[in-house]
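Data first, discussion second: the structure below is written as structure tokens.
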Amino acid sequence: SSADIPEIPESISFCRALQVADFSGNPLTRLPESFPELQNLTCLSVNDISLQALPENIGNLYNLASLELRENLLTYLPESLAQLQRLEELDLGNNELYHLPETIGALFNLKDLWLDGNQLAEIPQEVGNLKNLLCLDVSENKLECLPEEISGLTSLTDLLVSQNLLQVLPDGIGKLRRLSILKVDQNKLIQLTDSIGDCESLTELVLTENQLQSLPKSIGKLKKLNNLNADRNKLTSLPKEIGGCCSLNVFSVRDNRLARIPSEISQATELHVLDVAGNRLTYLPLSLTTLKLKALWLSDNQSQPLLTFQTDTDPETGEKILTCVLLPQMPSEPGCQDNLPRCGALESLVNEMSDETWNERAVNRVSAIRFLEDEKDEEDNEMRTLLRRATPHPGELKNMKKTVENLRNDMNAAKGLDSNKNEVNNAIDRVTTSV
């Protein structure tokens, strides 16, 4: 591999005992027609060689167990590929495939199938025949749906469908009882199927950057779930059943629309990292104190993972709650910006604010954490971020004030010198005139 080989000679077919061949990273564009005669070949790697097509009789390599074709220019797969009955690993990532043949379902011994970084708009239903498949990666394609027959992948442990156009997941996904990792980030999910709760082996669920407004109650059935990430969605609430995720260690719902966190979250006793920054929380449940949290994130500007909290009472419900300097988090209101301290108006600091006035304002100062209002359906999630208005430190204000006062005194002194100089000049002019 990576040896600047421009061409593989046809005579390579005489290497009858050859079992492993790796030509990756060479300036090749094709494999010789005689290549499929290497019938003892078990591993073939031709990654990143600008390969535009496979030999039509590639299926003659019937002992092949691993076939790596990543980062090439393949636009289609020959029908004979289905003859590779002993194939366990097939890597077709980062090619130009627009269509996957139905015969892919004939590769019964396949354990790993990588199809990421292609142009696939659909997956054939025959993929459900791959009963031994452990890992399926179809990330970075143009999939709008997954076939219901995906339920047939009963051995599957890893399903990666990031960066597609999925709006829903098939209900059949609940039959994947061995599924451990499910990544559906950067899609267009508007809901998560209730059957997700039947994926009893799930340890990692990534739902980042979708359009979810809620999570199903069945998520509480995921007793082995360790990592749940639903950042940058449109969640307005969390189900109280979330407390049923008794193995949950990391829970992140950053940049959503949550107004409260259910007190039942404390039932997830293994929770160590909780990220709820960029929401609309007015307080946190008191039950949170029973958890052994190592990190709690409320604000993007937060410098410490844990904060000092005070207990309080919700005036509406009478419920005991937790509050701190970063709570409440409220949407900004029109005109509120004018009421916040501003940095840079030096003249007003000098002329209008004495030391006593500043100290009085500092004591009564309220920490304001604001959010942009949803005046329209935001497609640009980057606009819905936490906004903290810049307020200079009192010490900085006093130094700024002193600097301006010194400048003003210097200017007044300079004006005085100019005035004296003008009087002297006027006197000389009068004397000269009289003479």
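By per-residue mean of other Cβ atoms within 10 Å, what is the highest-first order of 10-16, 129-135?
Ranked from most to least packed, the peptides come out as 129-135, 10-16.
Can you send over the carbon and sulfur percentage of the accessible area for region 1-116, probe radius 1.4 Å, protein chains only?
Solvent-exposed carbon and sulfur of region 1-116 make up 49 percent of the total.
If a/c stays under 1.5 just call it rounded; otherwise compare a/b with b/c (prolate if a/b is bigger, oblate if not). Do that for region 202-246, with a ≥ b ≥ c from the square roots of the Cα gyration tensor eigenvalues.
Oblate, since a/c reaches 1.5 and b/c is not below a/b.
Is the C-alpha gyration tensor of region 86-212 telling us rounded, prolate or oblate? Criteria: a/c under 1.5 is rounded; beyond that, a/b larger than b/c is prolate, otherwise oblate.
Since a/c reaches 1.5 but b/c is at least a/b, the shape of region 86-212 is classed as oblate.
Let's see if you can work this out: charge +1 on each Lys and Arg Cβ, -1 on each Asp and Glu Cβ, no other charges. What is the dipole magnitude of region 212-331 about its Cα centre, in debye to the nearest 20?
420 debye
Probe radius 1.4 Å, ligands and nucleic acids ignored: give me the carbon and sulfur share of the accessible area of region 139-247 as a rounded percent.
42 percent
Past 23 Å, Cα to Cα: identify those pairs from LYS131/LYS188; LYS175/LYS292; LYS175/LYS294; LYS217/LYS320; LYS234/LYS292; LYS188/LYS234, in the order given.
The answer is LYS131/LYS188; LYS175/LYS292; LYS175/LYS294; LYS217/LYS320; LYS234/LYS292.
When a/c is below 1.5 the answer is rounded, else prolate if a/b is larger than b/c, else oblate, so apply that to region 212-331 with a ≥ b ≥ c taken from the square roots of the Cα gyration tensor eigenvalues.
rounded
Can you give the FRET efficiency to the nearest 0.05 for VAL20 and GLN310, using r as the Cβ-Cβ distance and R₀ = 56 Å?
Efficiency for this residue pair is about 0.30.
Taking every DSSP beta bridge that has both residues in region 212-331, what percent is antiparallel when rounded to the nearest 5?
Within region 212-331, antiparallel bridges account for around 40 percent of the total.
Using a 1.4 Å probe on the protein heavy atoms only, what accessible surface does LYS217 show? Give it in Å² to the nearest 10.
140 Å²
In percent, how large is the relative contact order of region 212-331, given Cα pairs closer than 8 Å and 6 or more residues apart?
19 percent
Please give the contour-minus-distance gain from LYS320 to ARG86: 0.36 nm per residue of separation, less the Cα-Cα distance, rounded to one decimal in nm.
Difference between extended and current length: 77.9 nm.
Which value in nm describes the separation of the simple spin-label points at GLN211 and CYS246, placed 7 Å from the Cα toward the beta carbon?
3.8 nm
Solvent-accessible area per residue for region 13-71 at a 1.4 Å probe radius, Å²?
Spelled out: the 1.4 Å probe surface of region 13-71, per residue, equals 43 Å².
Assuming R0 = 51 Å, can you tell me the calculated FRET efficiency for the pair SER50 and SER201, based on Cβ-Cβ distance, to the nearest 0.05?
Plugging the Cβ-Cβ distance into 1/(1 + (r/R0)^6) gives 0.80.
Per residue, how many Å² of accessible area does region 254-301 show with a 1.4 Å probe?
Value for region 254-301: 39 Å² per residue.
Can you tell me the length gained on complete extension of the stretch LEU165 to GLU102, counting 0.36 nm per residue apart and subtracting the Cα distance?
20.5 nm
Roughly how many nanometres apart are two label points built 7 Å out from the Cα toward the Cβ at LYS131 and ASN301?
6.0 nm
Taking θ as phi - 60°, what are the ³J(HN,Hα) couplings along region 143-157 by the Karplus curve (6.51, -1.76, 1.60), each to the nearest whole Hz, with x for Gly and Pro?
6, 9, 7, 10, x, 4, 5, 4, 4, x, 7, 6, 9, 4, 10
If you stretched the chain out fully between ASN412 and ALA259, how much longer would it get, using 0.36 nm times the residue separation minus the C-alpha to C-alpha distance?
Working it through step by step, the gained length comes to 49.5 nm.
The values are calculated or read from the model by the stated rules, or taken from the named source; none is laboratory data. Just so we're clear, the structure is a prediction, and the values are computed from it rather than from any experiment. Glycine also receives a Cβ, built like all others from the backbone with ideal geometry; neighbour counts cover every protein chain displayed. In case anyone asks, the SASA skips ligands and DNA or RNA and just uses the protein heavy atoms, side chains included. Shrake-Rupley method; radii C 1.70, N 1.55, O 1.52, S 1.80 Å.
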